[in-house]
Amino acid sequence: MKEYRTLLIYSNELEMEKRVYVYAPEGNDNARYPVLYMHDGQNLFDDFTAYMNRGWRLLNLLMQENALKIIVVGIQSDGKTRNDHLIPYRFTLKKGAKQVGGKADLYLDFIVNTVKPIIDERFPTKKEPKYTAMMGSSFGGVNTIYAALTRNNVFSRFASLSGAFQFAFFDSLCELVKSADLSGVKHIYMDTGTKESDNPNFNKKYIDRNKVLKNLLEERLGPEKVT
């Protein structure tokens, strides 16, 4: 049976409720598991809640016989607040639009100070940073890299999928890479597709920005910690 749980958790930091979607493997009572925190949690397990009714279908992967035994925690996002919560700097999506972003620290504080303690209390987690990871796509990838730069005392492994770094906040993020304390980072994974859109120039910028950021991270961490 495919099963995940939904928790409704109030965030004092963001002054709103967020749904948190949790999958935990079935096991013996003494087993404890690493935890992967993921953004856009409504897209992870169920097509019914996912954007355009097409989710990641993670349950199909997690419940395979040889699948890695981990707990997955997905934090809900929505169209009204997603840009604000995931991006640490104020920016505009296009010329003439109003600014968005700037609440990533509040959002990460919510995960670290509210969500993680609840998950650690209610589920059989391995609590230490070396067993705690974060993953996200698009702006979730941006937030994941920002967490690697600012919260690597809580999370130690990070994955940015199709990280959307092609906006004005990129320069600020790169400057932070150069100065951040990365002592807690064990590994960072980054990828992006060659056809993230129908615009070839946009696709090239997607790839180029990811390469620049990957190179900066490699300079700080060494190539063995960045793939």
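Ranked from highest to lowest mean number of other Cβ atoms within 10 Å per residue, what is the order of the peptides 117-126, 34-43? Before the final figure, lay out each step's value.
Details: 117-126: 15.1, 34-43: 22.7.
Going from most to least packed, we get 34-43, 117-126.
If the label point is 7 Å along Cα→Cβ of Leu176, which residues in the range 83-99 have backbone nitrogen under 20 Å from it?
83-94, 99
Order of 136-149, 58-71 by packing, highest average Cβ count within 10 Å first?
On the way: 136-149: 24.6, 58-71: 13.6.
The densest-packed peptide leads the list: 136-149, 58-71.
Tell me the label-point distance for the pair Glu26, Phe123, using the 7 Å Cα-to-Cβ offset, in nm and rounded to one decimal.
Each label point lies 7 Å from its Cα, and together they span 1.7 nm.
Per-residue counts of other Cβ atoms within 10 Å, averaged by peptide: what ranking do you get for 196-205, 9-18, 161-170, highest first?
Numbers: 196-205: 12.0, 9-18: 14.7, 161-170: 19.2.
Peptide ranking by packing, descending: 161-170, 9-18, 196-205.
Over the chain, with every protein chain in place, what whole percent of the accessible area is carbon and sulfur at 1.4 Å, could you tell me? Let's see the in-between values first.
Details: 5790 of 11930 Å².
With neighbouring chains kept in place, the figure for the chain is 49 percent.
Less than 18 Å apart at the alpha-carbon level, and either on another chain or at least 8 residues along: which aspartates and glutamates does that give for Lys225?
Result set, ordered by chain and number: Asp181, Asp191.
Below 8 Å between Cα atoms, with a sequence gap of 6+, how large is the relative contact order for the chain in percent? Provide the component values of the computation, followed by the final result.
Details: 418 pairs, mean separation 34.9, N = 227.
Worked out over the chain, it gives 15 percent.
Roughly how big is the range 43-131's charge dipole about its Cα centre, with Cβ charges of +1 (Lys, Arg) and -1 (Asp, Glu), in debye to the nearest 20?
On the way: 15 positive and 10 negative charges, 85 e Å.
Computed about the Cα centre, the dipole is about 420 debye.
What is the distance in Å between the Cα centres of the range 16-31 and the range 103-154?
What the calculation gives is 15 Å, centre to centre.
Skip the ligands, DNA and RNA, and give the accessible area per residue of the range 133-181 with a 1.4 Å probe, whole Å². Don't skip to the end; give the middle numbers.
On the way: 1380 Å² over 49 residues.
Roughly 28 Å² per residue, with all protein chains present.
In the neighborhood of Leu14, defined by Cβ-to-Cβ distances under 14 Å, what is the net charge if each Lys or Arg adds +1 and each Asp or Glu adds -1?
Numbers: positive: Lys18, Arg19, Lys80, Arg82, Lys103; negative: Glu13, Glu15, Glu17, Asp78, Asp84, Asp105, Asp109.
Around Leu14, the surrounding residues sum to -2.
So I have (1) 0.95; (2) 1.00; (3) 1.40, and one of them is Rg/Rh (Cα atoms, Kirkwood Rh) calculated from this model. Which one is it?
(1)
With 20 Å as the limit, write out which pairs from Lys69/Lys127; Lys18/Lys214; Lys69/Lys130 have Cα-Cα distances beyond it, or answer none.
Numbers: Lys69/Lys127 15 Å; Lys18/Lys214 31 Å; Lys69/Lys130 15 Å.
Pairs exceeding 20 Å: Lys18/Lys214.
Output needed for the range 41-121: three equivalent-ellipsoid semi-axes, defined as square roots of 5 times the C-alpha gyration tensor eigenvalues, in descending order, whole Å.
29, 19, 9
Using the Cβ atoms and a cut-off under 11 Å, what net charge is assigned to the surroundings of Arg57, where Lys and Arg are +1 and Asp and Glu are -1? Before the final figure, lay out each step's value.
Numbers: positive: Lys2, Arg54; negative: Asp46, Asp47.
Here the charged neighbours net out to 0.
The values are calculated or read from the model by the stated rules, or taken from the named source; none is laboratory data. Keep in mind the model is a prediction, meaning the values are calculated, not measured. Don't worry about glycine lacking a Cβ; one is built from the backbone with ideal geometry, like all the others, and counts go over all protein chains shown. The area values use the complete protein model at the heavy-atom level, side chains included, leaving out ligands, DNA and RNA. Shrake-Rupley method; radii C 1.70, N 1.55, O 1.52, S 1.80 Å.
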